[in-house]
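Visitor: This structure is in structure tokens; I'll ask about it shortly.
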Amino acid sequence: MDKAKLYDLIGIGAGPFNLSLAALLDEQPEIDAMFFEQKEKFEWHPGMLIEGTKLQVPFLADLVTMADPRSKYTFLNYINENERMYQFYFLQRLDIPRREYNDYCQWVAGQLASCKFGHRVTNLRHVKDNEAYFEVEVVNLATNETHAFRTKNLVLGTGSVPSVPASLQGLPEDDVFHTADFLNHQDRCKRAKSVTVVGSGQSAAEAFRELLKDQKQYGYRLDWITRSPGFDSMEESKLSLEHFSPDYVNYFYQLPQEKKDEIFPTQGLYYKGISNHTVTDIYNLLYEHSVGGEPLDVGLQVLSEVEKIEQKPNGEGYELTCRQTETDETFTHVSEVVITATGYKPLVPEFIESLASIIEWDEKGRYKVEADYRLETTEEANEIYVHSGISHTHGVGSTNLGLAIHRNKVIINHMLDRDVYKLPAKNVFQNFSAR
């Protein structure tokens with residue numbers, strides 16, 4: 001790493017979106033880029049890398065294929081380099097194990113000199129000198145040394161963090177934890193007398209399924225509580241999937257912000273529901289457990305919001321105060337372990353505050369974002385591209401892996417001011433805007 005160099009681009013974070021950008025830029029010698037990630041190695045939701053879970057997009061949504069299928073960083077080349085081509089061929093699946101996607105990304109990251117893991121960005125500064133640039137302060141976590149790097153442009157790929165309601169915070173982490181830490185606490189669940197999952201998205205369903213598999217062996221009471229009307233399946237029909245296309249992103253972006261804020265909350269089942277195969281697995285397990293007329297020590301409770309959780313005296317678990325949202329009845333539920341599957345929220349790091357004066361924010365405190373993924377700024381400044389925290393401007397596909405490459409194609413084309421990658425005007429069969 002050259003601290004005196006003026007880089008073309010520095011990326012903050014090396015999750016799938018920025019890792020995809022780093023892999024594509026590895027084929028573009030015109031752009032000198034560096035990416036800093038505080039984790040010691042690439043890890044994608046490590047607490048939910050449950051054996052048997054699948055990536056929810058086809059393997060074609062790897063880091064590079066949808067921009068350059070000839071790249072050495074494709075998933076198929078990963079399979080080939082690991083001498084598993086025939087096994088994958090006989091698998092006959094478009095979806096792949098989630099653990100394998102994580103391993104594939106680690107394989108790519110290990111080949112990219114531009115990606116520096118174990119390095120935490122601690123501060124940013126926009127400098128107006130003879131040539132304006134960003135100064136990026138970085139701590140090497142192995143040596144605790146701090147260095148400053150200069151770059152013309154930034155790309156923020158800081159991802160998301162678990163979102164836990166205030167009513168579920170401040171309790172012992174061994175007993176009350178987010179699904180993001182599920183695997184780290186799986187043994188604790190097996191030792192418990194009772195376990196409750198709160199929430200009804202994909203992560204909740206996967207944690208519940210794993211616990212249901214082991215319930216008869218370990219003998220705990222198992223409950224699943226959600227405020228939703230039901231344990232709804234994700235909308236996965238082919239035409240519905242076209243909402244995760246550049247066409248829909250472009251349509252959604254041009255709508256007035258008030259209309260976007262009205263539409264987005266109604267689209268939960270496009271991205272927050274449970275995959276059909278997971279629902280099927282759970283139902284099949286429940287059915288198996290009911291064979292022979294044995295009573296099920298399992299509860300599935302819908303239309304119920306957890307309003308408060310309190311620790312019972314003498315270490316007897318936790319009392320959850322719940323409200324049935326349609327009848328407005330209140331009831332209590334006791335559990336030794338509580339798993340919160342309450343989703344994620346975009347991470348806006350503290351160091352962004354140092355650039356707050358040059359970033360345009362909307363009335364709700366969110367980024368204002370250009371169509372080509374640049375933050376709007378209050379004054380003329382170098383470009384800040386952004387991957388996370390843009391659902392309010394770019395819609396339901398903002399966190400979808402299938403659109404990561406499209407976004408990076410747009411960013412690279414903008415940086416080089418030419419069409420390095422083709423961006424077809426029509427990618428789907430349906431029209432979203434009036435013709």
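Visitor: Given contacts defined as C-alpha pairs under 8 Å and at least six residues apart, what's the relative contact order of the range 151-225, whole-number percent? Before the final figure, lay out each step's value.
Guide: Numbers: 51 pairs, mean separation 21.4, N = 75.
Relative contact order for the range 151-225 comes out at 29 percent.
Visitor: Picking from Leu168, Ala204, Gly219, whose Cα lies most toward the positive end of the charge dipole for the range 129-223 (charges on Cβ: Lys, Arg +1; Asp, Glu -1)?
Guide: Of the listed residues, the answer is Gly219.
Visitor: Moving on. Rounded to whole Hz and in sequence order, give me ³J(HN,Hα) for the range 308-318 from the Karplus expression 6.51 cos²θ - 1.76 cosθ + 1.60, θ = phi - 60°, writing x for Gly and Pro.
Guide: Couplings: 7, 9, 10, 6, 7, x, 6, x, 8, x, 9 Hz.
Visitor: Still on this structure, I have one more. Ranked highest first by the average count of other Cβ atoms within 10 Å around their residues, in what order do 179-185, 320-326 fall? Can you show the working numbers first?
Guide: Values: 179-185: 20.3, 320-326: 16.4.
Ranked by mean Cβ neighbours within 10 Å, highest first: 179-185, 320-326.
Visitor: Taking a 24 Å limit on the Cα-Cα distance, which of the listed pairs Lys272/Lys422; Lys259/Lys409; Lys41/Lys72; Lys216/Lys272 fall beyond it? Intermediate results must be reported in sequence, preceding the final value.
Guide: Numbers: Lys272/Lys422 31 Å; Lys259/Lys409 27 Å; Lys41/Lys72 21 Å; Lys216/Lys272 29 Å.
Correct reply: Lys272/Lys422; Lys259/Lys409; Lys216/Lys272.
Visitor: Something else: Note the per residue figure in Å³ for the convex hull of the C-alpha positions in the range 241-362.
Guide: Values: hull volume 27.5 nm³, N = 122.
Considering the Cα atoms of the range 241-362, their hull volume per residue is 225 Å³.
Visitor: Also: Using mean Cβ contacts within 10 Å as the protection proxy, how do 34-47, 233-246 order, highest first?
Guide: On the way: 34-47: 18.7, 233-246: 15.6.
Peptide ranking by packing, descending: 34-47, 233-246.
Visitor: How about the range 341-421: which trypsin sites (Lys or Arg not before Pro) there are in a DSSP loop, with at most 12 other Cβ atoms within 10 Å of their Cβ? Before the final figure, lay out each step's value.
Guide: Numbers: sites: Lys364, Arg366, Lys368, Arg374, Arg407, Lys409, Arg418; in loops: Lys364, Arg366, Lys368, Arg418.
Taking the range 341-421 and a limit of 12 other Cβ atoms within 10 Å, the loop trypsin sites (Lys or Arg not before Pro) found are Lys364, Arg418.
Visitor: Additional query: Normalised by the residues of the chain, what does the relative contact order come to in percent, with Cα pairs under 8 Å and at least six apart?
Guide: Relative contact order comes out at 20 percent.
Visitor: Let's see if you can work this out: charge +1 on each Lys and Arg Cβ, -1 on each Asp and Glu Cβ, no other charges. What is the dipole magnitude of the chain about its Cα centre, in debye to the nearest 20? Before the final figure, lay out the partial values.
Guide: Working: 44 positive and 65 negative charges, 144 e Å.
Computed charge dipole of the chain: roughly 700 debye.
Visitor: Let me know the charge dipole size of the range 1-150 about its Cα centre in debye, to the nearest 20, where only the beta-carbon of Lys, Arg (+1) and Asp, Glu (-1) is charged.
Guide: Working: 16 positive and 22 negative charges, 67 e Å.
Dipole size: approximately 320 debye.
Visitor: Filter the trypsin sites (Lys or Arg not before Pro) in the range 106-166 to those in DSSP coil with at most 13 other Cβ atoms within 10 Å of their Cβ, and list the result.
Guide: Filter output for the range 106-166: Lys128.
Visitor: Percent of Cα-Cα pairs more than 21 Å apart in the range 1-110, please.
Guide: Looking at the range 1-110, the distances longer than 21 Å represent 40 percent of pairs.
Visitor: A further question follows. Can you give me the distance in nm between label points at Leu60 and Ser163, each placed 7 Å from the Cα along the Cα-to-Cβ direction?
Guide: With each label point 7 Å from Cα toward Cβ, the separation is 3.1 nm.
Visitor: Report relative contact order for the range 165-307 in percent, whole number only (criteria: Cα-Cα under 8 Å, sequence separation at least 6). Before the final figure, lay out each step's value.
Guide: On the way: 147 pairs, mean separation 46.1, N = 143.
Taking the mean separation of contacting Cα pairs over the length of the range 165-307, I get 32 percent.
Visitor: State the antiparallel share, in %, of DSSP beta bridges confined to the chain, rounding to the nearest 5. Intermediate results must be reported in sequence, preceding the final value.
Guide: Working: 36 of 69 bridges.
Here the share of antiparallel DSSP bridges comes out near 50 percent.
Visitor: What length, rounded to one decimal in nm, is gained on full extension from Asp328 through to Tyr86, with 0.36 nm per residue of separation minus their alpha-carbon distance? Walk me through the intermediate numbers first.
Guide: Numbers: separation 242, 0.36 × 242 = 87.12 nm, distance 5.69 nm.
Going from the current span to full extension adds 81.4 nm.
Visitor: Please order His414, His394 by the number of other Cβ within 10 Å, starting at the fewest. Please report the intermediate quantities before stating the final value.
Guide: On the way: His414 17, His394 21.
Listing His414, His394 from fewest to most nearby Cβ atoms yields His414, His394.
Visitor: Any idea what log10 I(q)/I(0) is at q = 0.10, 0.14, 0.15, 0.21 Å⁻¹ for the range 328-435, Debye with uniform C-alpha scatterers and no solvent?
Guide: Results for the range 328-435 at q = 0.10, 0.14, 0.15, 0.21 Å⁻¹ read -0.46, -0.75, -0.82, -1.28.
Visitor: Within 11 Å, Cβ to Cβ, of Gly315, how many net charges do the neighbouring residues add up to if Lys/Arg are +1 and Asp/Glu are -1? Write down the numbers at each step before the final one.
Guide: Numbers: positive: Lys312; negative: Asp175, Glu316, Glu336.
Computed value for this residue: -2.
Visitor: With no solvent and one equal point scatterer per Cα, compute the Debye intensity ratio I(q)/I(0) for the range 217-256 at 0.14, 0.19, 0.22, 0.29 Å⁻¹ and report its log10, rounded to two decimals.
Guide: For the range 217-256, the Cα-only Debye profile gives -0.61, -0.76, -0.83, -0.95.
Visitor: Here's another thing I want to ask about it. As an exercise, find the ratio Rg/Rh for the range 298-365 from alpha-carbon atoms, using the Kirkwood inverse-distance average for Rh.
Guide: Numbers: Rg = 19.1 Å, Rh = 15.8 Å.
Ratio value, two decimals: 1.21.
Visitor: Let me ask something else about it. Which of these values of Kirkwood radius over Cα pairs in Å was calculated from the structure shown: [x] 23.7; [y] 22.9; [z] 29.5?
Guide: [x]
Visitor: What is the packing order of peptides 57-65, 82-90, 200-208, taking the mean over residues of other C-beta atoms within 10 Å and listing the highest first? Write out the running numbers ahead of the final one.
Guide: Details: 57-65: 21.1, 82-90: 11.2, 200-208: 24.6.
Peptide ranking by packing, descending: 200-208, 57-65, 82-90.
Visitor: Given Gln38, Trp361, Tyr318, which one lies farthest toward the positive end of the charge dipole of the chain, if we put +1 on the Cβ of every Lys and Arg and -1 on the Cβ of every Asp and Glu?
Guide: Looking along the dipole axis, the top candidate is Gln38.
FYI, it's all coordinate maths here, none of it is from the lab. It should be emphasised that the depicted structure is a prediction, and the values quoted were computed from it without experimental measurement. Counting neighbours? That spans all protein chains shown, and the Cβs are built from the backbone with ideal geometry, glycine included.
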